[in-house]
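Below: one structure, written as structure tokens.
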Amino acid sequence: MDALWILASTGLWDAVLRIATPLIFGTLGALLCERAGVLNLGIEGIMTFGAMIGWLTVFSGGGLWTGLLVAALCGALFGLLHAALTVPLGLSQHVTGLGITLFAAALSYYIFRLVVPLEASPPTIEAFRPVEIPILAEIPFLGEVIANQTAPTYLALALVAVMGWVLFRTPLGLAIRMTGENPHSAEAQGVNPLVVRTACVMAGSALMGVGGAFLTMSAFNSFFPTMVQGRGWICIALVVFASWRPGWALFGAVLFATFDAYQLRLQSALENTVPYQLFLMAPYLAAIVALAFMARKARVPQALMRPYRRGER
Amino acid sequence: MRIEQRTHRPRALFLLAPVLAVLAALAISGGLIALTGASVLDAYGHILAGALGTRLAITETLTRATPLILTGLAAAVAFRARLWNIGGEGQFFIGAIAVAAVGAELTAGLPAALAIPVLLVVGALGGMVLMVTALGLRLRFNVDEVVTTLLLNFVAILFVSMMIEGPFKDPMAFGWPQSVPVADNATLPRLIERSRLHVGLVIAIALAVAIYLLQARTVFGMRSKAAGFNAPAAAFAGVPLGRTLMMVACLSGGLAGLAGAVQVLGVRGYVTTDLSPGFGYSGIVIAMLANLNPIGVVAAAVFAAVMFIGADGMSRAVGIPSYIADVTVALSLLTMLVALFFTQYRIRR
């Protein structure tokens with residue numbers, strides 16, 4: 001019975017939005033890259049770097065929004081690196097992405113250790129404060145759920161709508177989707193697939209950087225190595241689950257976050273009768289099960305992971 | 001300016017590529033060291049001295065290279081068939097915990113000559129199970145193995161954590177979560193007195209040679225290569241794709257599991273969740289640096305081990321974070337990809 005009561009608590013839904021936010025940023029970022037035909041497995045490392053550099057910017061005196069911006073710019077730079085190797089050179093997107101992840105994560109830890117020596121406990125920053133929304137806060141249940149949410153969460157929700165609109169309602173979105181489906185016909189329409197892909201990977205990676213920065217600047221208030229904990233890989237799975245549609249990406253991220261928040265509360269409700277690791281495993285296993293259900297039905301962009309070279313089929 | 005395929009690929013280019021890639025990676029890392037104001041040559045000098053300066057250092061480097069050779073081989077055999085096994089880390093841990101489960105009591109009564117091979121096989125089987133699961137999901141449900149193997153890494157480590165805090169917990173470890181040590185008769189014999197270097201290195205190198213022969217001289221080797229180059233064409237030519245991939249998955253997962261087994265039996269004796277400082281992930285870099293050549297994997301693993309072991313000593317002496325080794329190794333993957341590109345293509349104006 002207790003297990004069901006958790007679902008009715010505002011605390012759960014408060015946590016759901018908080019857990020979903022970095023996933024929304026990351027999933028939208030990965031989705032944008034893949035819609036243009038480039039798999040970006042650099043996501044895990046880019047999120048780590050975003051988390052570190054966002055924290056570092058604020059720690060060394062910058063503002064919170066400056067921190068997010070720096071995280072986005074650094075994400076875009078890693079995106080540029082990924083795009084440079086995979087788009088004009090057409091290198092393996094799998095291996096390059098993993099290389100970016102290993103490089104970005106190692107670089108984050110390296111810079112972090114330069115600033116914070118090994119012995120010190122991780123220094124904290126003043127994180128984003130909850131936004132007060134006048135009228136909505138009055139509504140009984142909803143008011144409590146959104147009482148602790150910070151501005152980046154609303155930014156993430158707005159981005160879902162923007163991404164959906166751009167991809168499906170604008171000529172730019174058509175160009176992006178065409179590049180991901182068939183770059184040759186995109187080229188015939190006067191769209192340069194190399195430019196579209198590079199730009200999408202940079203923009204998508206910037207979103208991944210912001211998703212990582214949310215972890216250190218809102219969800220927590222300090223950086224520690226391995227804090228991203230596979231969230232990037234979850235995002236890659238969510239893109240498949242969402243069948244490359246932004247609205248479904250939001251649904252997937254919230255569903256996953258609900259699952260994650262629920263297991264955390266169930267864990268304390270059941271008090272040590274079940275090993276806690278089983279609960280921690282559950283989200284990863286849930287992602288795999290969700291993939292097994294959705295992967296067959298998902299409509300993959302036809303040119304995903306196919307490098308485009310002029311005059312080559 | 002356009003990119004054009006090379007019609008002739010000199011053999012020297014293939015040998016030169018990893019050398020240039022490593023030098024480029026070292027140069028970029030050198031820039032990162034220089035940014036802190038430290039002397040780059042001094043730092044690299046300390047890395048070399050720390051990894052190869054003394055007899056003890058050399059044996060430590062080779063001890064570190066041993067699991068890296070095995071995880072490198074695991075990635076190399078899988079990638080050759082375009083099977084993206086990124087789960088070396090998880091398979092390593094499952095191999096390790098399988099050995100801990102069996103090694104503490106079941107094989108305690110056996111003579112070493114029997115206990116060690118049994119435990120090594122058990123470890124390999126552990127890794128195999130995890131990889132075959134991921135491939136099964138791909139073949140049955142069309143789920144990309146990249147994502148499943150990556151996610152299973154986290155599941156595997158949590159599983160190990162659960163086991164060493166639960167049924168396999170060592171009651172003599174003062175409450176630390178670690179498994180009951182394997183029996184003495186099952187520890188791998190030392191190669192050199194007063195060092196940690198163990199027989200695992202010989203096993204790893206022998207396997208590298210065996211896999212080279214397997215790939216170059218057998219039907220399976222040709223089939224796995226064909227499946228990687230062009231799966232539809234291979235299927236058309238009569239290659240049983242599913243069965244070939246399954247064998248590749250067993251081999252790849254088995255090698256990663258064996259790495260875990262060897263690390264437990266040769267170095268630690270018991271399992272903790274920090275048994276691997278990313279051996280599985282480094283294996284991917286090593287496989288690529290070797291251009292998926294099993295013999296090259298041995299050399300690439302020694303390079304990575306030199307960086308990791310050397311950086312620890314350098315960090316203490318110069319004060320540069322030892323993460324610089326991870327940066328260099330990761331960078332060498334990216335530079336190697338570019339170098340490999342130029343062995344196949346050239347830029348024409």
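The values are calculated or read from the model by the stated rules, or taken from the named source; none is laboratory data. Only a predicted model underlies this, so the values are computations on that prediction, with no experimental measurement involved. Cβ placement follows ideal geometry from the backbone for every residue including glycine, while neighbour counts extend to all protein chains displayed.
Among the residues of the stretch A:119-139, the one identified as touching a residue at least 24 places away in the same chain (Cβ under 8 Å) and of a type in the set (Ser, Thr, Tyr) is A:THR124. Is there a residue in the stretch B:70-78 that is surrounded by 19 or more Cβ atoms within 10 Å (Cβ to Cβ) and either more than 15 Å from the chain's Cα centre (by Cα) or farther than 15 Å from B:PRO294 by Cβ (or both)? No; the residues of the stretch B:70-78 include none that is surrounded by 19 or more Cβ atoms within 10 Å (Cβ to Cβ) and either more than 15 Å from the chain's Cα centre (by Cα) or farther than 15 Å from B:PRO294 by Cβ (or both). Against the list (1) surrounded by 14 or more Cβ atoms within 10 Å (Cβ to Cβ); (2) without any contact (Cβ under 8 Å) to a residue 24 or more places away in the chain; (3) facing another protein chain (nearest Cβ under 9 Å), the condition A:ALA287 fails is (2).
From the list B:ASP144, B:ASP170, which residue is among the acidic types (Asp, Glu) and more than 9 Å from chain A (Cβ to nearest Cβ)? If you could, list the steps in order and put the result at the bottom.
Working: B:ASP144 fails: more than 9 Å from chain A (Cβ to nearest Cβ).
Criteria check complete, one pass: B:ASP170.
Taking (1) of a type in the set (A, V, I, L, M, F, W, C); (2) assigned to a helix (DSSP H, G or I); (3) in contact with a Ser or Thr (Cβ under 9 Å, 6 or more places away or on another chain); (4) more than 11 Å from chain A (Cβ to nearest Cβ) in turn, B:TRP176 satisfies each apart from (2). When B:ALA256, B:ALA227 are checked against the criterion of being touching a helix residue (DSSP H, G or I) at 6+ places or on another chain (Cβ under 7 Å), closer than 25 Å to B:SER276 by Cα and in a helix (DSSP H, G or I), a single residue qualifies: B:ALA256.
Results for (1) buried (at least 24 other Cβ atoms within 10 Å of the Cβ); (2) more than 14 Å from every other protein chain (Cβ to nearest Cβ); (3) not in a helix (DSSP H, G or I), shown as yes or no for each residue.
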{"site": "B:ALA115", "(1), (2), (3)": "no, yes, no"}
{"site": "B:ALA124", "(1), (2), (3)": "yes, yes, no"}
{"site": "B:LEU151", "(1), (2), (3)": "yes, no, no"}
{"site": "B:PHE154", "(1), (2), (3)": "no, no, no"}
{"site": "B:VAL160", "(1), (2), (3)": "yes, no, no"}
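Please indicate, with yes or no, whether at least one residue in the stretch A:197-211 is away from every other protein chain (no Cβ under 13 Å) and on the phi > 0 side of the Ramachandran plot. For the stretch A:197-211, residues away from every other protein chain (no Cβ under 13 Å) and on the phi > 0 side of the Ramachandran plot: absent. Any residue in the stretch B:323-346 that is out of contact with any Ser or Thr (no Cβ under 8 Å at 6 or more places or on another chain), assigned to a loop (DSSP other than H, G, I, E, B) and either of a type outside the set (S, T, N, Q) or at pLDDT below 95 (or both)? No, because not a single residue in the stretch B:323-346 is out of contact with any Ser or Thr (no Cβ under 8 Å at 6 or more places or on another chain), assigned to a loop (DSSP other than H, G, I, E, B) and either of a type outside the set (S, T, N, Q) or at pLDDT below 95 (or both).
Scanning the stretch B:85-103 for residues that are crowded, with 24+ Cβ neighbours inside 10 Å and farther than 13 Å from B:GLY127 by Cα gives B:ALA100, B:GLY103.
Can you name the residue in the stretch B:205-233 that is of a type in the set (Val, Ile, Thr) and surrounded by 15 or more Cβ atoms within 10 Å (Cβ to Cβ) and, of all such residues, is nearest to B:VAL302 (Cα to Cα)? Outline the logic, then answer.
From the stretch B:205-233, those of a type in the set (Val, Ile, Thr) are B:205, B:209, B:211, B:218-219; that's our starting set.
This time we only want the ones that are surrounded by 15 or more Cβ atoms within 10 Å (Cβ to Cβ), so: B:205, B:211.
Working: B:ILE205: 11, B:ILE211: 18 Å.
Only one residue fits best here, namely B:ILE205.
Of the residues making up the stretch B:27-51, just one is under 19 Å from B:SER332 (Cα atoms), within 14 Å of another protein chain (Cβ to nearest Cβ) and either in a loop (DSSP other than H, G, I, E, B) or in contact with a Ser or Thr (Cβ under 6 Å, 6 or more places away or on another chain) (or both), namely B:SER29. Within the stretch B:226-244, residues that are under 13 Å from B:ALA81 (Cβ atoms) have Cβ atoms under 6 Å from residues that are among the charged types (D, E, K, R) and surrounded by 16 or more Cβ atoms within 10 Å (Cβ to Cβ) in these pairs: B:GLY228/B:ARG80; B:GLY228/B:ARG82; B:VAL239/B:ARG223; B:THR244/B:ARG223, counting only partners at least 6 apart in sequence or on another chain. Counting the residues of the stretch A:89-118 that are without any contact (Cβ under 8 Å) to a residue 12 or more places away in the chain, among the β-branched types (Val, Ile, Thr) and within 7 Å of chain B (Cβ to nearest Cβ) gives 1. Considering only residues in the stretch B:1-21 that are within 30 Å of B:ASP326 (Cβ to Cβ) and more than 14 Å from chain A (Cβ to nearest Cβ), the one that is farthest from the chain's Cα centre (by Cα) turns out to be B:LEU13.
Going through (1) in contact (Cβ under 8 Å) with a residue 40 or more places away in the chain; (2) assigned to a helix (DSSP H, G or I) one by one, B:LEU83 falls short only on (2).
Residue-by-condition table, conditions (1) of a type in the set (Phe, Trp, Tyr); (2) away from chain B (no Cβ under 13 Å); (3) closer than 20 Å to A:LYS297 by Cβ:
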{"position": "A:PHE220", "(1), (2), (3)": "yes, yes, no"}
{"position": "A:PHE224", "(1), (2), (3)": "yes, yes, no"}
{"position": "A:ARG231", "(1), (2), (3)": "no, no, no"}
{"position": "A:VAL240", "(1), (2), (3)": "no, no, yes"}
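Screening A:LEU167, A:LEU142 for residues that are under 19 Å from the mean Cα position of the chain (by Cα), away from chain B (no Cβ under 14 Å), over 29 Å from A:PHE223 (Cβ atoms) and surrounded by 14 or more Cβ atoms within 10 Å (Cβ to Cβ) leaves exactly one candidate, A:LEU167. Scanning the stretch B:2-47 for residues that are more than 17 Å from A:LEU114 (Cβ to Cβ), touching a helix residue (DSSP H, G or I) at 6+ places or on another chain (Cβ under 8 Å) and among the polar types (S, T, N, Q) returns a single hit, B:GLN5.
Please list, ordered by residue number, the helices (runs of 4 or more DSSP H) wholly in the stretch A:1-73 having 1 or more residues that are surrounded by 24 or more Cβ atoms within 10 Å (Cβ to Cβ), within 14 Å of chain B (Cβ to nearest Cβ) and under 17 Å from the mean Cα position of the chain (by Cα). Break it down stepwise before answering.
Values: elements: A:2-8, A:10-35, A:43-59.
Counting at least 1 such residues, we get A:10-35, A:43-59.
Considering the stretch A:257-278, and only residues there that are farther than 18 Å from A:ARG18 by Cβ and either in contact with a Lys or Arg (Cβ under 6 Å, 6 or more places away or on another chain) or in a helix (DSSP H, G or I) (or both), the residue that is farthest from the other protein chains (Cβ to nearest Cβ) turns out to be A:ALA269.
Between A:PHE220, A:PHE214, which is surrounded by fewer than 24 Cβ atoms within 10 Å (Cβ to Cβ) and closer than 30 Å to B:ASP274 by Cβ? Step through it out loud before you land on a result.
Working: A:PHE214 fails: surrounded by fewer than 24 Cβ atoms within 10 Å (Cβ to Cβ).
Just one listed residue meets the conditions, A:PHE220.
The requirement of being surrounded by 23 or more Cβ atoms within 10 Å (Cβ to Cβ), in a loop (DSSP other than H, G, I, E, B) and not aromatic (Phe, Trp, Tyr) is fulfilled nowhere in the stretch B:261-268; no residue meets it.
Of the residues making up the stretch A:162-173, at least one is of a type in the set (Phe, Trp, Tyr) and farther than 30 Å from A:ARG129 by Cα. Would you mind stating whether A:ALA295 is out of contact with any Leu (no Cβ under 8 Å at 6 or more places or on another chain), surrounded by 16 or more Cβ atoms within 10 Å (Cβ to Cβ) and among the hydrophobic types (A, V, I, L, M, F, W, C)? The answer is yes for A:ALA295.
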